[in-house]
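The values are calculated or read from the model by the stated rules, or taken from the named source; none is laboratory data. Here the structure is a predicted model, which means the values were calculated and not measured. Reconstructed Cβ throughout: ideal geometry from the backbone, glycine too, with neighbour counts over all protein chains shown. Quick note on the areas: whole protein, heavy atoms, side chains included, nothing else; ligands and nucleic acids left out. Shrake-Rupley method; radii C 1.70, N 1.55, O 1.52, S 1.80 Å.
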Amino acid sequence: MNIENKQKFKVAYFQSANEFWKFITQNDEWYLEHLPQDFEDLKSNSKSLIPLIIETTNELRYNLKFKQSDYWRIIQWDNIAFEMKMDDKLKQFCSNCKKEIGLVQRFPRLICHECKNELKSSDERNVEFFNSEALGYGCQGYYSGTNQTEKYNSNESYIGNKTFIAEEGRFGGILIELKE
Ligand SMILES: [Zn+2]
């Protein structure tokens, strides 16, 4: 099949949803080559495709090899599952320990609650992050166990050789994400 002709591609050209999906995902970075809107009959085949899409994007989220700037392309595929209300098997995993956590669509690199307690400063002390203002704005780090009196003036913290970034959540709270 010639990639130049992908505008004309149809799921119906393939013997099955499986065959179609195998073709689409043959390269590791397949999501850079294909978007759902490139296929005119994708929606009418979505029931059989969605389990395959979900399995594939779950694996991408488990391995976290994609660039954050490309994640919107993967979300386009997930959105088919949302549109069909078949999104309950979409998964996300802690970017440190790989435990399953709830899907947060724009933030695939979050860590779980337990791993938050493992965050350390560069001098190996435990640190924690809180909103710095009322109403859930801002982000300030503190050394743990100091009752938020000893400030840690960095948004970066570490678990082993992994670096994590703390930032204020859009709706309050703090998000901790693995740095790319
Ligand atoms: Zn974890």
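Residue by residue, here is whether (1) in the same structural domain as A166 (by TED's automatic domain parsing); (2) within 16 Å of the ligand (Cβ to nearest atom); (3) modelled with pLDDT under 95 holds:
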residue	(1), (2), (3)
T25	no, no, no
D28	no, no, no
L32	no, no, no
S44	no, no, yes
T56	no, no, no
D78	no, no, no
K99	no, yes, no
Which of the residues spanning the range 46-83 are of a type in the set (A, V, I, L, M, F, W, C) and open to solvent by 70 Å² or more (accessible area, probe 1.4 Å)? W72, F82
Please state which of the following conditions L119 fails to meet, knowing it meets all the rest: (1) out of contact with any helix residue (DSSP H, G or I) (no Cβ under 6 Å at 6 or more places or on another chain); (2) of a type in the set (A, V, I, L, M); (3) away from the ligand (no atom under 14 Å from the Cβ). (3)
Selection from the range 84-97 of residues that are open to solvent by 60 Å² or more (accessible area, probe 1.4 Å) and more than 10 Å from the ligand (Cβ to nearest atom): M84, K85, D88, K89, K91
Does the range 4-20 contain any residue that is closer than 26 Å to S95 by Cβ, open to solvent by 30 Å² or more (accessible area, probe 1.4 Å), out of contact with any Cys (no Cβ under 9 Å at 6 or more places or on another chain) and modelled with pLDDT of 95 or more? no
